[in-house]
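**Student:** Before we start, here is the structure in question, set down as structure tokens.
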Amino acid sequence: MNVSSNELLLALRSPKSGWLATVLCALDEAMRDADFSEHHRQMLRQTLDVGAVPAAVAAAAEERLSQFERGVAETQLDLAAAIFEPGNRVPSRPILTLVSNAA
């Protein structure tokens with residue numbers, strides 16, 4: 001079964017389509033990532049075909065997601081610290097000088 005873009009767009013208009021939107025956004029990001037391999041896609045297809053995520057898999061996925069979120073948060077803190085460390089100047093706006101030509 002192929003789902004058309006129009007059908008997905010219509011489904012996303014529903015106030016109850018939050019999970020659909022979440023999954024589609026995550027899938028879009030994954031499809032752009034070279035690390036999301038064909039093997040990963042096949043495992044995802046099989047999981048959707050079965051219609052359930054085994055409890056052990058769901059727990060492991062939640063743990064891996066928590067690790068990923070912590071890594072992102074640490075990276076953000078490191079970037080913020082690098083920008084606002086004493087001695088690191090925040091670039092100032094250029095000074096614009098207007099010159100009149102009297103010729």
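The values are calculated or read from the model by the stated rules, or taken from the named source; none is laboratory data. Just so you know, these numbers come straight off a predicted model, no measurement behind them. Ideal geometry is used to build each Cβ from the backbone, glycine not excepted, and the neighbour counts take in all protein chains shown.
**Student:** Considering only the range 1-14, state which residues are outside any loop (DSSP other than H, G, I, E, B) and loosely packed, with under 10 Cβ neighbours inside 10 Å. Give the derivation first.
**Tutor:** First, pick out the residues of the range 1-14 that are outside any loop (DSSP other than H, G, I, E, B): 5-12.
Hits for the range 1-14 are Ser5, Asn6, Leu9.
**Student:** Right, here's the next one. For the range 40-52, does any single residue satisfy the condition of being part of a loop (DSSP other than H, G, I, E, B) and either out of contact with any Asp or Glu (no Cβ under 9 Å at 6 or more places or on another chain) or not hydrophobic (A, V, I, L, M, F, W, C) (or both)?
**Tutor:** Quick first cut of the range 40-52, residues part of a loop (DSSP other than H, G, I, E, B) only: 51-52.
So of that shortlist, the ones also either out of contact with any Asp or Glu (no Cβ under 9 Å at 6 or more places or on another chain) or not hydrophobic (A, V, I, L, M, F, W, C) (or both) come out as 51-52.
Yes, because at least one residue in the range 40-52 is part of a loop (DSSP other than H, G, I, E, B) and either out of contact with any Asp or Glu (no Cβ under 9 Å at 6 or more places or on another chain) or not hydrophobic (A, V, I, L, M, F, W, C) (or both).
**Student:** Hey, can you tell me all the residues within the range 15-39 that are surrounded by 10 or more Cβ atoms within 10 Å (Cβ to Cβ), of a type outside the set (D, E, K, R) and in a helix (DSSP H, G or I)?
**Tutor:** Answer for the range 15-39, where residues must be surrounded by 10 or more Cβ atoms within 10 Å (Cβ to Cβ), of a type outside the set (D, E, K, R) and in a helix (DSSP H, G or I): Gly18, Leu20, Ala21, Thr22, Val23, Leu24, Cys25, Ala26, Leu27, Ala30.
**Student:** Residues in the range 53-103 that are at pLDDT 70 or above and among the polar types (S, T, N, Q): how many?
**Tutor:** So the count comes out to 4.
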